[in-house]
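What follows is a single structure, written as structure tokens, with notes after it.
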Amino acid sequence: MALMAACAFGLLWTTTASASQGSCSTQLTPAANSRIVSAETLDQSLFNAAVLHYVNIERCNRGLAPLKSDNNLMRATRQHSRNMASNAYVSHKSQQSGYRNLQDRLSRARVTYRVAGENVAKSFVFAFDRRNIGASANCQFRFSSDGAVVPRHTYNSLAEDLVSLWMESPTHKRNILYRDYRRAGAAIGIDNDSSFCGTVYVAQNFAN
């Protein structure tokens, strides 16, 4: 079957209208490279750290200050990513009362800011790499082109893939590289659907 390409949406919202490359270099923990992404053992802190790692690499490459992890932003994204996973949609808007837009979610999470933004995306627990796959049995997927087994994502590979996806889109890239941002938080929700054995819904929020 043909696999739908991962999708993403970006939003920059404001209430108003440099660092050297080495200064924001970070290292991922061994766990990010070895632990697979699973709904049963989901580690939001590890996911956030992995996404922030790759976001800061992009910023460093352009001489921008690194973003720091923010617990309140993580709280806002955790709520939204879980809601998206529960209802199988990808959007900046929500039907959930009190959390209908980015402004609502930041307010509920007690985030203070002047400028804020949001990236959201949909991906998968398995590293399909936007390639066609054959029929599966018991969550055993193979690539159509060569028959190779499709691996599960680690926190590292999923974060790297998501940031790469966002950087291919001008709107998402703008959020990642926005000069005034200083904080970020990312979270993940997983829908254990039967078709792909785990669809991933992601939100990352930014603020000054």
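The values are calculated or read from the model by the stated rules, or taken from the named source; none is laboratory data. Since this is a predicted model, take the numbers as computed values, not measurements. Heads up, the Cβs are rebuilt from the backbone with ideal geometry, glycines too, and the neighbour counts pull from every protein chain shown. We work out accessible area using only protein heavy atoms, side chains counted, and drop any ligands, DNA or RNA first. Shrake-Rupley method; radii C 1.70, N 1.55, O 1.52, S 1.80 Å.
Among the protein heavy atoms, those of Cys139 account for about 40 Å² of accessible surface (1.4 Å probe, every chain in place).
Recomputing mean projected area of the Cα convex hull in nm² from the coordinates shown identifies the correct label among (1) 16.8; (2) 11.7; (3) 11.1 as (2). In a fully extended conformation the segment linking Ser86 and Ala135 would gain 15.1 nm over its present Cα-Cα distance, using 0.36 nm per residue.
Using a Förster distance of 25 angstrom, determine the FRET efficiency expected from the C-beta separation of Leu42 and Ser195, and round it to 0.05. It comes to 0.80.
Tell me the carbon and sulfur percent of the accessible area for the chain, rounded to whole percent, probe radius 1.4 Å. Roughly 47 percent, rounded to a whole number. Hull volume per residue, based on the alpha-carbon atoms of the range 38-128 and their convex hull, is 123 Å³.
Could you do me a favour and compute the accessible area per residue for the chain, 1.4 Å probe, result in Å²? All intermediate terms of the calculation are to be shown ahead of the outcome.
Details: 9840 Å² over 208 residues.
For the chain, the solvent-accessible area averages 47 Å² per residue.
A helix-only calculation puts the chain at -9500 deg cm²/dmol for mean residue ellipticity at 222 nm, using -39500 (n - 2.57) for each DSSP H run of at least four residues, averaged over all residues.
With a simple spin-label model that places each label point 7 Å from the Cα along the Cα-to-Cβ direction, the separation between Arg100 and Ser145 comes to 4.5 nm.
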